[in-house]
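The values are calculated or read from the model by the stated rules, or taken from the named source; none is laboratory data. The structure displayed is predicted, hence computed values, not measured ones. Quick reminder, even Gly has a Cβ in these numbers, built from the backbone with ideal geometry, and neighbours come from all protein chains shown.
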Amino acid sequence: MARKALPILKHLLQSAETPLPSLHARSVTYMPRPGDGAPRPVTLIPGDGIGPLVTGAVEQVMEAMHAPLYFERYDVHGDMKKIPQVVLDSIKKNKVCIKGGLMTPVGGGVSSLNVQLRKELDLYASLVNCFNLPGLPTRHENVDIVVIRENTEGEYAGLEHEVVPGVVESLKVITKFCSERIAKYAFEYAYLNNRKKVTAVHKANIMKLADGLFLESCREVATKYPGIKYNEIIVDNCCMQLVSKPEQFDVMVTPNLYGNLVANTAAGIAGGTGVMPGGNVGADTAVFEQGASAGNVGHMKLVEQKKANPVALLLSSAMMLRHLQFPSFADRLETAVKRVISGGKYRTKDLGGESTTQEVVDAVIAALD
């Protein structure tokens with residue numbers, strides 16, 4: 001009996017030495033409905049300055065991945081008086097858009113096309129994800145902040161007029177409806193993405209009625225999400241805390257102007273505006289773009305040298321793929337970008353390297369699974 005058992009024992013030992021195939025190599029993220037994998041049309045706006053470089057990077061990577069989408073391209077520039085109707089119609093039809101930055105002339109009474117687009121499509125929530133990328137050295141570690149900004153009112157509404165020569169009145173409008181809507185979006189985002197805390201950023205100690213209304217709305221919505229911690233911070237203290245201890249923040253919900261300042265500050269802390277993804281969403285449509293701009297759209301030297309950083313828009317396009325319910329493509333793209341960044345060989349100047357946009361794109365394509 002012992003002799004008969006020896007071959008069996010030997011076989012079992014050999015099997016133990018041979019590693020079993022991973023049972024978790026791929027996960028089932030969702031069960032698609034018939035037709036979910038059909039190619040989706042996406043409106044593409046290359047934009048100004050570095051915009052065509054970084055949107056071109058997205059096009060190349062999507063083609064290399066054979067992502068199930070195709071682009072409808074429209075040329076829009078920041079010096080136009082308004083967004084062409086054909087572009088708005090395309091976005092409303094496709095419900096998804098990816099865009100490069102549009103330059104806004106400073107002064108002169110020319111309104112921002114970026115703001116126009118948000119108003120026309122009621123893209124009430126701006127989302128910027130600021131996080132540490134493995135291999136990219138920064139002053140602070142464990143940073144993973146999501147800044148959710150009300151996108152349609154406040155100082156960015158652009159309600160200004162000259163009362164008399166030399167006196168300009170600029171109106172800040174805050175409404176209960178918009179404040180509740182953005183608060184609900186922030187808490188819903190936190191709930192669905194397993195986030196633990198929402199921080200409301202305000203200046204209600206001075207603007208007691210306007211920011212007070214925003215804060216009151218956030219407090220009311222917070223009571224409906226008992227599993228999520230809620231706290232509040234005055235915007236000037238928020239900026240100080242961001243640069244000294246950013247890891248304390250999780251999801252931040254802000255009025256319009258504060259959100260722009262906070263998002264760019266958080267982006268600078270976590271690695272720079274060139275690597276932070278973002279998007280603007282409404283009830284029906286979503287527009288994805290670089291999360292924080294900080295004026296690099298019109299950096300003509302980057303355009304001439306073709307050394308714009310495509311990482312932010314590539315990660316924004318991964319957010320877009322997830323929004324379109326193509327999560328496996330989003331995972332592949334994010335993983336490839338992180339591999340290139342952690343490798344350290346291909347980085348643009350803002351990340352301490354000398355690579356061109358195309359060299360980064362080629363490296364990302366080579367890193368795709």
Do the conditions hold for Leu133, that is, is it in the same structural domain as Gly56 (by TED's automatic domain parsing) and surrounded by 13 or more Cβ atoms within 10 Å (Cβ to Cβ)?
no
Could you say whether any residue in segment 249-256 is touching a residue at least 60 places away in the same chain (Cβ under 8 Å), surrounded by 14 or more Cβ atoms within 10 Å (Cβ to Cβ), in contact with a Cys (Cβ under 7 Å, 6 or more places away or on another chain) and closer than 22 Å to Tyr189 by Cα?
yes
Failed condition for His323, given (1) modelled with pLDDT under 85; (2) surrounded by fewer than 21 Cβ atoms within 10 Å (Cβ to Cβ); (3) in contact with a Gly (Cβ under 9 Å, 6 or more places away or on another chain)
(1)
Looking at segment 190-213, can you tell me whether even one residue there is modelled with pLDDT under 95, part of a strand (DSSP E or B), more than 26 Å from Asp144 (Cα to Cα) and out of contact with any Ser or Thr (no Cβ under 8 Å at 6 or more places or on another chain)?
no
Return yes or no: is Gln116 in a helix (DSSP H, G or I) and more than 25 Å from Pro255 (Cα to Cα)?
no
Single match in Leu171, Leu192 (criterion: more than 24 Å from Val281 (Cα to Cα), loosely packed, with under 13 Cβ neighbours inside 10 Å, without any contact (Cβ under 8 Å) to a residue 24 or more places away in the chain and not β-branched (Val, Ile, Thr))
Leu171
Count of residues meeting criterion [assigned to a helix (DSSP H, G or I) and of a type in the set (Gly, Ala, Ser)] in segment 166-180:
1
Could you say whether any residue in segment 298-310 is surrounded by fewer than 21 Cβ atoms within 10 Å (Cβ to Cβ) and within 18 Å of the chain's Cα centre (by Cα)?
no
Among the residues of segment 132-165, write down those that are part of a strand (DSSP E or B), without any contact (Cβ under 8 Å) to a residue 60 or more places away in the chain and either under 30 Å from Ala336 (Cβ atoms) or not hydrophobic (A, V, I, L, M, F, W, C) (or both).
Glu160, His161, Glu162
Just to be sure before I move on: is Lys99 in the same structural domain as Pro327 (by TED's automatic domain parsing) and either modelled with pLDDT under 90 or more than 14 Å from Glu289 (Cα to Cα) (or both) in the structure I sent?
no
Does segment 154-168 hold any residues that are surrounded by 18 or more Cβ atoms within 10 Å (Cβ to Cβ) and modelled with pLDDT of 90 or more, and which are they?
none
Conditions (1) outside any strand (DSSP E or B); (2) closer than 21 Å to Leu315 by Cβ; (3) out of contact with any helix residue (DSSP H, G or I) (no Cβ under 7 Å at 6 or more places or on another chain): number failed by Asp122:
(2)
Test result for Gly274, in contact (Cβ under 8 Å) with a residue 40 or more places away in the chain, part of a strand (DSSP E or B), touching a helix residue (DSSP H, G or I) at 6+ places or on another chain (Cβ under 8 Å) and not hydroxyl-bearing (Ser, Thr, Tyr):
no
I'd like the residue in segment 337-352 that is surrounded by fewer than 16 Cβ atoms within 10 Å (Cβ to Cβ) and not in a helix (DSSP H, G or I) and, out of all such residues, is farthest from the chain's Cα centre (by Cα).
Lys345
Tell me, yes or no, whether segment 354-363 has at least one residue that is of a type in the set (Asp, Glu) and not in a helix (DSSP H, G or I).
yes
Quick count over segment 76-93, residues being surrounded by fewer than 19 Cβ atoms within 10 Å (Cβ to Cβ) and in contact with a strand residue (DSSP E or B) (Cβ under 8 Å, 6 or more places away or on another chain), is 1
Condition (residue is surrounded by 20 or more Cβ atoms within 10 Å (Cβ to Cβ) and under 30 Å from Ser90 (Cα atoms)) applied to segment 198-212: is it met by at least one residue?
no
